Structure formats: structure tokens, C-alpha cells
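S.K.: Next up is a structure, given as C-alpha cells.
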Amino acid sequence: MESLKELERCPAKTRMPSPYPGLCSFLMCNWPEVKTTAYDGEQASHEPVLKAMFLADTHLLGEFLGHWLDKLRREWQMERAFQTALWLLQPEVVFILGDVFDEGKWSTPEAWADDVERFQKMFRHPSHVQLKVVAGNHDIGFHYEMNTYKVERFEKVFSSERLFSWKGINFVMVNSVALNGDGCGICSEAEAELIEVSHRLNCSREQAHGSRRCGPGPLLPVSAPVLLQHYPLYRRSDANCSGDDAAPPEERDIPFKENYDVLSREASQKLLWWLQPRLVLSGHTHSACEVHHGGRVPELSVPSFSWRNRNNPSFIMGSITPTDYALSKCYLPREDVVLVIYCGAESLFYSAFSSLELKM
């Protein structure tokens, strides 16, 4: 798999004023190439490619902490960025890795309905594009704030599912907030669902090799899954992370707290053992990082998609087949660059208007 340094191929360069300066950045982003020929013994087959976008931590501002002007500006930026990406890049599926909302953990039913309505407007998409969302701690609360009501209203809006298969590719979408391991009702239910998913994945592998122990029933594609969740799997810190959108150097050595910054060691080991993923994508930290678990399973932390959390948001573009994948990163324009462009355009307009008045 390409390293993060090699993924950073879409620098945030905006060379001309436009209604949305990010257009120039997106023109530099392309779907990565992936091998589409698979070999089963001596037989070769052509595999379909799924074009998937991964973004995280949009943090739509709520009624308590979000100033109306900040909300207006940030949401306009995200809406234009998302709609431009859909138009130019034409993904088949978009995954949002949690913390869609900033105040879902405490919002009233009225505030929740307003936030959902704004989300649906900003992230509207054609019917042929699928949008899949996993829960984050700001959507349903940290473990100590989470309850059945918050989980169910989130899952009702986003039609949450644990397993999604398309074009022979399995995606497992985890409510990582519920993996605290303390035996709470929501946690026990989440673990039971994942064990069932693990069983179905293993049955497909076994039946593909001639085993009949699983009994009748539809089989999943024989493909190691892509694991999607909000919290990253356990790592000590971001000390080994690098790149323009990694955490600031002064923050990288700060130790992570289990079940708060990252999943616990135990929960991480369970997920890797149960699901045997070939790739993990997560959010939560708002910064980029690439780690390898057990020396073999890569995990990418996807940076925040909101300029409120970063000056240089980005998202991941994945070309995925049942046996292979390739990833690239697409940067949105830096916010300071956008502001300079708008100020420059305003100055030019003012100068031109003043010159016109003098001639008249």
C-alpha cells in the first residue's frame, strides 16, 4: 500500500478566483489506479472497481456552541466542497466516519431535527450515489452519555447497518463508542452484532473452500473486509505520524487515553481477531496518520472535513476491488488561501468600481 507521503498528491493550490476556489484543488485529484486482474490458480478474472470517498468529522455546529456567522461560513464551505467533489469525481459511495454533528450528544429533539435537515441539504447526493455514516461520540455521546434513545435516533436517520457489501467488497461499519467492554446493554448488543458479522465472514471463507458447516443461507463475498469506525484502533500516540495534515509536532507525543482518544487495547484486538480486515479507516483525531497493526493491517486516520478543525481539510479517494485497493488523498484549499483570494477579488472589484466612478 502507498504510504501517506505518497498519498499527498493533491496540494491545496488555488490559482484563480471562482465562486468556489476549491474547484482548482479538485481538478488536481484523480482516482488512483488499482490492479483489476485476479488469479485463482491458473485462471485470471477481471474484477470490478468501486470508487469510494471517505471523509470524517464534519461537526455541523449546533444551537448552543455554534455562532450563526461561523455556522453559515463553515457550512457553506463544506457544502460547496462536497457538491464539487460529487460533480467532478463522481464517486459511487461516500462514507462519513462519525461526528457528523457537533452537539448530537445533548441536542433536543427540535435541535436534532434542524441539524439533520441542514445535513441532508449540505450532503445531498444523486440516487445512484450511496451515503453511509458511522456514529461518533459527538453524534450519540461518549460512552457515559450514550443511551438507547440517542443511538436509535441516529440509526433511524442514517439507516445504520453493520455490514455493507457491493461489487464483491465487504465493509464493516462499527459503532466504536459502544466498544467500552464494560457489559452495558448497548455494548453487549454491539459486540453480539460484530460476532455475528464475524461468523458470516468466516462461513463465506470456509464454504468457498468446500466446507458445509455453516448450513444454508446467502453467502457474503469471499473478500477480507474494510473496517470503518470513528475511534482509531489503539495506538500510544501520534508520535509516528507525519505529513502536512498530521497532528502539530507539539501534540504528537501526547499519550492517547483508551476509550476516549482511541479504542482500548482489548477492543482493538477483538476487532482485528473477529473481522480480520485488510484495511481500517477511522476519524476522531481530526488529523492524518498511518499505522500498521501487527505489522500487517494498515489503518488510516482520516482528517476532519471541516475548516473549523483544520486549515487544510482533506478526504480519501479509494479504488477498491475484492482483492486489492489503492488510495489517494484529495486536499481542500487552505482556508487562509481562500480568504486571501476573496480579499484580493474584493480589492480588485473596489479598484475597478472606483476607476469607473472617476471616469464618469
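We did not get these values from a lab; they are worked out from the coordinates using the rules stated. These numbers were taken from a predicted model, which means no experiment stands behind them. No Cβ is skipped: glycine too gets one built from the backbone with ideal geometry, and neighbour counts run over all protein chains shown.
S.K.: On full extension of the chain, what length is gained from H292 through R252, given 0.36 nm per residue of separation minus the C-alpha to C-alpha distance?
M.R.: 12.7 nm
S.K.: Quick check on region 140-279: of the DSSP beta bridges with both residues there, what percent are antiparallel, nearest 5%?
M.R.: If we restrict to bridges inside region 140-279, about 45 percent are antiparallel.
S.K.: Kindly state, to the nearest 0.05, the FRET efficiency for W76 paired with A111, given R0 = 25 Å and r defined as their beta-carbon distance.
M.R.: Step by step, r from the Cβ atoms, then E = 0.80.
S.K.: Follow-up. Calculated FRET efficiency, E161 and E33, Cβ-Cβ r, R0 41 Å, to nearest 0.05?
M.R.: With R0 = 41 Å, the Cβ-Cβ based efficiency is 0.85.
S.K.: From the backbone phi of region 134-151, what are the Karplus-calculated ³J(HN,Hα) couplings (6.51 cos²θ - 1.76 cosθ + 1.60, θ = phi - 60°) in whole Hz, Gly and Pro given as x?
M.R.: Result, ordered by residue: 9, 7, x, 5, 7, 8, 10, x, 4, 3, 6, 9, 5, 9, 4, 4, 5, 5 Hz.
S.K.: May I pose another question? Is any residue of region 298-333 close enough, with backbone N under 15 Å, to a label point placed 7 angstrom from the Cα of L88 along the Cα-Cβ axis, and if so, which?
M.R.: Once the point is set 7 Å along Cα→Cβ of L88, 313-317, 329-333 turn out to lie under 15 Å by backbone N, inside region 298-333.
S.K.: Under 16 Å from a point 7 Å along the Cα-to-Cβ line of Q269: which residues of region 222-243 have their amide N that close?
M.R.: 233-236
S.K.: Now a separate question. Based on a Kirkwood Rh over C-alpha pairs, give the Stokes-Einstein translational diffusion coefficient of region 181-330 at 20 °C and viscosity 1.002 mPa s in µm²/s.
M.R.: My calculation gives 126 µm²/s for D.
S.K.: Please work out how much length the chain gains when fully extended from R200 to D182, using 0.36 nm per residue of separation minus the C-alpha to C-alpha distance, in nm with one decimal.
M.R.: 4.0 nm
S.K.: With equal scatterers on the alpha carbons only and no solvent term, can you work out the Debye log10 of I(q)/I(0) for region 109-195 at 0.18 1/Å?
M.R.: Per q value, in the given order, log10 I(q)/I(0) is -0.88.
S.K.: Let me ask something additional. Relative contact order for region 217-311: what is it in percent, counting Cα pairs under 8 Å that are at least 6 residues apart?
M.R.: Taking the mean separation of contacting Cα pairs over the length of region 217-311, I get 31 percent.
S.K.: How high is the FRET efficiency from D324 to H128, r the C-beta distance, R0 25 Å, rounded to 0.05?
M.R.: Given R0 = 25 Å and the Cβ-Cβ separation, E is 0.55.
S.K.: Still on this structure: Dividing the alpha-carbon Rg of region 248-296 by 2.2 N^0.38 Å yields what?
M.R.: Expressed relative to 2.2 N^0.38 Å, the Cα Rg reads 1.25.
S.K.: From the backbone phi of region 293-307, what are the Karplus-calculated ³J(HN,Hα) couplings (6.51 cos²θ - 1.76 cosθ + 1.60, θ = phi - 60°) in whole Hz, Gly and Pro given as x?
M.R.: Per residue, the Karplus-derived 3J(HN,Hα) values read 8, x, x, 9, 9, x, 10, 10, 8, 8, x, 5, 8, 9, 5 Hz.
S.K.: Would you grab the residues whose amide H sits under 5 Å from the one on A56? Only those 5+ places off in sequence or on another chain, please, with H modelled 1.01 Å from N.
M.R.: L97, F305
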